[in-house]
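The values are calculated or read from the model by the stated rules, or taken from the named source; none is laboratory data. What you are looking at is a predicted structure, and each value in this text was computed from that prediction instead of being measured. Cβ placement follows ideal geometry from the backbone for every residue including glycine, while neighbour counts extend to all protein chains displayed.
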Amino acid sequence: MGALDGILVADFSRVLAGPYATMLLADMGADVIKVEAPGGDDTRNWLPPERDGVSTYYLGVNRGKRSVALDLKDPADRALAHELSARADVFIENFKPGGLSAYGLDYPAVRERNPKVVYASITGFGAEGGAHLPGYDLIVQAVSGLMSLTGSADGPPYRAGMSVFDVITGLHAVSGILAALYAGGGQRVEVNLMSSALSALVNHTSAVVAGEVTPHRMGNAHPSLFPYEPLECADGDLVVAAGNDGQFRKLCEVLGVPELADDARFARTRDRTANRAALKPLLVAELKKRTRAELFAQLSAVGVACGPINTVTEGVALAEDLGLEPVVGPGGVPSVRHPIRFSGTPAGYRLPPPALDEHGDEIRKWLR
């Protein structure tokens, strides 16, 4: 049995943040009913890449759910949506603020018919001054400041290589839903991409609000640590992360230059950060004498964090080599394992991502 067996989730979300959240809930045992418009979730058509004609984007965030297509403008379908909201333990949506009120599916209406419901809303910029702004991850990466931090110091700003704030907001939604269920339900949980972004920028937003410092783009460098970036070896770059004085000393010993750890310019974290321009070429001169594979093995053996810059394919392969078993295949459709391991209530993968309205008949019959 999953930890959330017996929990019914009415999923009125689409694209990424909401579907990612509800997939995680499904993995943990919840019965998730994915309510789609007759045209289906937008990501069904985000191609390429694809598997058997279906978008891998859609496949990546929708396993474990049952799909029903409902046209909320149709009175009969709208009545079914009302009945589903009355039975659900969790109702989750990512419409624009106020967008569901016309259909009687806003929080006051749903709570009136279901006082114990946990009603989770995901927006881009909240329900107040930013209610009119569309919630695209790329836009939030721009306006939150993340893009100002991403890219080389003397180059243009870049987006992250994935929809980082959609995923983080989905995780926050799961956290809020679980907390509200634990508290007994009967409340609204609101998350938005902008607040999630500012929270996720942690040390950078802390620099602004606590230190009155505006962070700036530094390429792969870290503002408070060195070495904590890719460094050149004999056959390419290796990311090296010496997060404290002890790790730096071990790094120097492996490289055969223990005297660097005793040099007053480099002895402490603050010193190494201030004198990175002097320290970096000294380290690179030694690193270039060995290959990435040699250094990965030697540094890892003494507890110095490091790693090659892999492709995503190589990343999955590494997880397999480490025994993390990253790939699961419900219904023959490969996807990435739930990230949490439970000793007593393990995650399960009961259903593959559903076709549009695949379970429509059984769900309509059950709701009538």
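What to note about this one:
- Odd one out for residue 221 among (1) outside the structural domain of residue 110 (by TED's automatic domain parsing); (2) closer than 30 Å to residue 123 by Cα; (3) of a type in the set (A, V, I, L, M): (2)
- Residue 9, sole failed condition from (1) part of a loop (DSSP other than H, G, I, E, B); (2) farther than 19 Å from residue 337 by Cα: (1)
- Yes/no for residue 217 being within 28 Å of residue 158 (Cα to Cα), basic (Lys, Arg), in contact with a Pro (Cβ under 9 Å, 6 or more places away or on another chain) and at pLDDT below 95: yes
- Checked against the criterion of being polar (S, T, N, Q), under 22 Å from the mean Cα position of the chain (by Cα), assigned to a helix (DSSP H, G or I) and in the same structural domain as residue 108 (by TED's automatic domain parsing), the stretch 16-29 contains one or more residues that satisfy it.
- Scanning the stretch 321-353 for residues that are assigned to a loop (DSSP other than H, G, I, E, B) and touching a Phe, Trp or Tyr at 6+ places or on another chain (Cβ under 9 Å), we see that the one that is surrounded by the fewest Cβ atoms within 10 Å (Cβ to Cβ) is 329.
- Number of positions in the stretch 321-352 that are closer than 19 Å to residue 59 by Cβ and of a type in the set (A, V, I, L, M, F, W, C): 6
- Residue count for the stretch 61-83 satisfying the condition of being within 18 Å of residue 120 (Cα to Cα) and part of a strand (DSSP E or B): 1.
- For first residues located in the stretch 305-334 and within 30 Å of residue 248 (Cβ to Cβ), partners that are part of a helix (DSSP H, G or I) and lie 6+ apart or on another chain with Cβ distances below 7 Å form the pairs 306/295; 306/296; 306/299; 306/300; 307/296; 308/292; 308/296; 310/318.
- Taken residue by residue, the stretch 273-292 has no member that is loosely packed, with under 14 Cβ neighbours inside 10 Å, closer than 30 Å to residue 86 by Cβ and not aliphatic (A, V, I, L, M).
- Residues that are of a type in the set (Gly, Ala, Ser), farther than 16 Å from residue 103 by Cα and touching a strand residue (DSSP E or B) at 6+ places or on another chain (Cβ under 9 Å) within the stretch 35-75 comprise 39, 40, 60, 64, 67, listed in sequence order.
- Some residue of the stretch 42-51 being part of a loop (DSSP other than H, G, I, E, B), in the same structural domain as residue 363 (by TED's automatic domain parsing) and under 21 Å from residue 357 (Cα atoms): yes
- Residue match in the stretch 219-227 (condition: crowded, with 19+ Cβ neighbours inside 10 Å and either polar (S, T, N, Q) or in contact with a Cys (Cβ under 7 Å, 6 or more places away or on another chain) (or both)): no
- For the stretch 154-213, filtered to residues that are among the hydroxyl-bearing types (Ser, Thr, Tyr) and farther than 17 Å from residue 126 by Cα, the residue that is surrounded by the fewest Cβ atoms within 10 Å (Cβ to Cβ) is 182.
- For the stretch 5-21, the criterion of being among the hydroxyl-bearing types (Ser, Thr, Tyr), without any contact (Cβ under 8 Å) to a residue 24 or more places away in the chain and out of contact with any strand residue (DSSP E or B) (no Cβ under 9 Å at 6 or more places or on another chain) is met by none of the residues.
- Enumeration of residues in the stretch 295-304 that are in a helix (DSSP H, G or I) and in contact (Cβ under 8 Å) with a residue 24 or more places away in the chain: 295, 296, 298, 299
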